[in-house]
Amino acid sequence: MKKLFVFIIIPFFILGCAVNPVTKKREIMLFSDQEEIKMGKDGHEAVLIQFGRYDDPSLQRYVNQVGQKIARVSHRNNIPHHYMVLDSAILNAFALPGGYIYINRGLLAYLNNEAQLAGVLGHETGHVAARHGVKKYQKAIGAQLIMLGVAVATESKGLVLGTNLLLTAILQGYSRKDEYQADQLGTLYMYRAGYNPMEIARFFKILERMEKRTPNLLEQLFASHPPTPNRIEKSKAYARELIERETKDLTVGHNRYISHLEGLVFGPGARDGVIKGNIYKNRYFRYRVQMPKGWNLRRGQTAGSVLAQDTSKRYLSQVIPIELKKEFTPRQLASMVEKNSGLQRLDASQATIDGKRAYLVDYRAQSERGGWLGLRIAYLSRGKV
């Protein structure tokens with residue numbers, strides 16, 4: 001069984017070779033441009049469900065216009081690019097394969113000018129150009145396929161937790177090498193588009209000072225590789241090199257940028273909810289949850305979600321509201337999640353939580369460190385409100 005599995009997987013990887021648009025080197029690539037675009041489009045739907053589009057058409061148009069300037073001078077200007085502001089207070093920006101690029105409204109409040117916006121969008125466009133997201137997704141798929149093969153060979157019932165594998169892989173961050181390459185590409189693209197490339201280094205410097213004053217402020221933004229002094233110096237050096245190559249008028253655009261931020265929601269919005277002690281309230285999703293005393297609460301990555309962890313850090317609880325067009329029973333919702341995640345249940349039972357029907361399911365999932373975790377999910381359906 002093991003030999004057959006290896007025999008099947010190896011040709012699958014050998015057949016997928018392509019030239020990287022940035023490095024011009026041949027590399028393993030399992031997806032064509034069109035497949036990558038479809039992957040991004042499918043992931044985009046998940047992003048809208050999890051985060052929500054920020055409701056400001058004028059600001060959306062402005063950010064997309066700046067982004068399109070960057071896209072036109074990128075190494076992959078042959079594919080469509082889409083730039084969108086998400087309704088999240090978290091300081092973050094990210095990109096999906098296929099040209100879907102997002103920036104949170106929370107991050108917009110900390111940028112000083114249009115050039116810095118172009119730099120952030122350029123960085124994310126660089127990830128798309130170098131196909132970092134696709135390669136990371138391939139690794140995630142590979143890990144899941146290999147684990148599936150082991151599970152089949154040993155008749156194990158445990159499978160890797162793979163809920164929304166693409167989005168999870170992207171939000172976990174990139175390698176140091178990929179981040180530096182995206183930094184360089186973002187600086188290059190903003191310069192090609194007519195922006196002062198020194199502004200992105202200045203933005204990194206601002207973030208560095210803010211992080212020192214308020215630890216954990218950056219949360220997801222460059223979480224795996226924060227704006228270190230080395231990273232800032234590399235950005236400054238490359239920006240100076242570009243400017244010295246060719247002297248031309250470069251845009252900063254402070255006043256124009258600030259004018260588009262009028263009315264921008266600062267801090268947690270309606271979808272983010274409020275944390276007070278061990279209680280989390282969310283008026284938008286119309287729910288309230290109380291965690292055990294002493295547990296640490298924080299907002300999750302997705303809109304309306306909350307994470308709570310005990311002091312020993314052995315137990316973690318998360319509440320995730322999901323907006324669906326169709327109404328599901330708790331049992332149907334469990335089946336849908338299991339189908340999309342690859343989870344296999346160990347046990348299940350009916351329950352009543354706060355007067356509402358619920359479906360409790362126990363799972364076994366593998367942690368990032370390779371150990372096994374006990375996972376219990378309580379599915380509740382409130383219906384239309």
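The values are calculated or read from the model by the stated rules, or taken from the named source; none is laboratory data. These numbers were taken from a predicted model, which means no experiment stands behind them. FYI the Cβ positions are ideal-geometry reconstructions off the backbone, even for glycines, and counts take in every protein chain you see.
If you go through region 66-76 one residue at a time, do you hit one that is within 21 Å of GLN301 (Cβ to Cβ) and within 20 Å of the chain's Cα centre (by Cα)? No - not one qualifying residue is present in region 66-76. Among the candidates GLY106, GLY67, the residue that is in contact with a Ser or Thr (Cβ under 9 Å, 6 or more places away or on another chain), more than 19 Å from GLN181 (Cα to Cα) and modelled with pLDDT of 85 or more is uniquely GLY106. Restricting ARG331, ARG288 to those that are under 29 Å from ASN104 (Cα atoms) and out of contact with any helix residue (DSSP H, G or I) (no Cβ under 9 Å at 6 or more places or on another chain) reduces the list to ARG288. Taking SER259, is it surrounded by fewer than 17 Cβ atoms within 10 Å (Cβ to Cβ) and closer than 30 Å to VAL63 by Cβ? For SER259, the condition - surrounded by fewer than 17 Cβ atoms within 10 Å (Cβ to Cβ) and closer than 30 Å to VAL63 by Cβ - is met. Of everything listed in (1) surrounded by fewer than 15 Cβ atoms within 10 Å (Cβ to Cβ); (2) of a type in the set (S, T, N, Q); (3) at pLDDT 70 or above, the single unmet condition for THR154 is (3). For region 338-381, the candidate set comprises residues that are at pLDDT 80 or above and acidic (Asp, Glu); within that set, the residue that is nearest to the chain's Cα centre (by Cα) is ASP362.
With respect to VAL85, is the statement that it is aliphatic (A, V, I, L, M), within 21 Å of VAL252 (Cα to Cα), at pLDDT 95 or above and under 17 Å from the mean Cα position of the chain (by Cα) true? The answer is yes for VAL85.
Among the residues of region 83-99, is there at least one that is of a type in the set (Ser, Thr, Tyr), touching a Gly at 6+ places or on another chain (Cβ under 9 Å) and farther than 12 Å from HIS127 by Cα? Yes, because at least one residue in region 83-99 is of a type in the set (Ser, Thr, Tyr), touching a Gly at 6+ places or on another chain (Cβ under 9 Å) and farther than 12 Å from HIS127 by Cα.
Taking the criterion of being in contact (Cβ under 8 Å) with a residue 12 or more places away in the chain and of a type in the set (Asp, Glu), the only residue of region 237-261 that qualifies is ASP249. When ILE320 is tested against (1) modelled with pLDDT of 80 or more; (2) closer than 25 Å to ALA46 by Cβ; (3) of a type in the set (A, V, I, L, M), only condition (1) is not met. When the residues of region 295-317 are filtered to those that are part of a loop (DSSP other than H, G, I, E, B) and among the hydrophobic types (A, V, I, L, M, F, W, C), the one that is modelled with the lowest pLDDT is ALA303.
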